[in-house]
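All of the numbers you see were taken from the coordinates with simple rules; none came from a lab. Not measured: the values here are computed from a predicted model. All Cβ positions, glycine included, derive from the backbone under ideal geometry; neighbour counts span all protein chains shown.
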Amino acid sequence: MILSLFLAFLKIGAVSFGGGYGMIAFVQETVLSHGWMTQEEFLNIIAVSESTPGPLAVNMATFVGASQAGFAGALAATLGVILPSFLLLLLIASLIGGLMKFAGVRAFLSGLRPAVVALVLATAFTMILSTAFGLSSLKEAPVFEATDLVLFLLIGGLALFFRLWKKKALSPILLIVISGALGILLSAIG
């Protein structure tokens with residue numbers, strides 16, 4: 001199991017671009033295809049990973065590894081996901097000055113940007129469908145979750161109001177705390 005976790009997250013770390021958000025789709029596919037978690041458990045892992053300090057991809061790898069094989073699994077998955085980036089950064093740091101003068105390198109990097117944006121948007125769309133409508137595939141009948149929609153609208157409205165009123169974004173930490181408190185309140189009421 002530990003070797004499987006290491007190799008799976010090594011592959012994710014080696015083929016993912018765009019940071020943690022770009023990796024979510026790959027992590028989701030890997031975790032679900034191995035049967036390590038359900039869709040709902042994975043969405044919970046994303047929520048926890050988002051709300052804890054540190055990079056999203058590292059947090060996801062750590063939580064998935066820990067859920068499957070304890071501390072050793074967390075260590076293996078975390079090492080797997082960061083090793084490719086670490087080695088690539090060492091290589092790039094030694095060559096960066098010379099590489100950026102090549103048009104092919106600049107073209108490659110600019111070609112990655114739209115792909116990363118598409119991956120992030122596709123993952124966000126999947127998470128919205130799963131969280132707000134209980135869908136894990138488009139073949140299922142949607143189950144409307146009023147509590148989730150109310151919470152989404154309240155937090156979105158609060159963030160928008162604060163941005164328009166103070167001309168700056170509300171602290172993400174404060175939004176997470178408010179979301180958690182509202183979630184507890186709404187689940188106690190409903």
Arrange Met37, Met23, Met1 by Cβ neighbour counts within 10 Å, fewest through most, would you? Met1, Met37, Met23
Once the mean 1/r over all distinct Cα pairs of the range 68-178 is inverted, what Kirkwood radius in angstroms do you read off? 18.8
Calculate, in nm to one decimal, what Ile189 and Lys168 gain on full extension: separation in residues at 0.36 nm each, minus their alpha carbon distance. 4.3 nm
Rounded Å value of the spacing that divides the Cα centres of the range 161-181 and the range 92-159: 21
With no solvent and one point per C-alpha, what does the Debye sum give as log10 I(q)/I(0) for the chain at q = 0.08, 0.15, 0.19 Å⁻¹? -0.34, -1.05, -1.33
Spelling out what I want: for every residue of the range 53-61, take phi, set θ = phi - 60°, compute 6.51 cos²θ - 1.76 cosθ + 1.60 (Karplus), and round to whole Hz; glycine and proline get x. x, x, x, 4, 5, 5, 4, 4, 4
Taking the Cα centre as origin and putting +1 on Lys and Arg beta-carbons and -1 on Asp and Glu beta-carbons, what dipole magnitude results for the chain, to the nearest 20 debye? 880
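Among Glu29, Glu50, which comes first, second and so on when ranked by fewest other beta-carbon atoms within 10 Å?
On the way: Glu29 11, Glu50 14.
Ranked by crowding around the Cβ, least crowded first: Glu29, Glu50.
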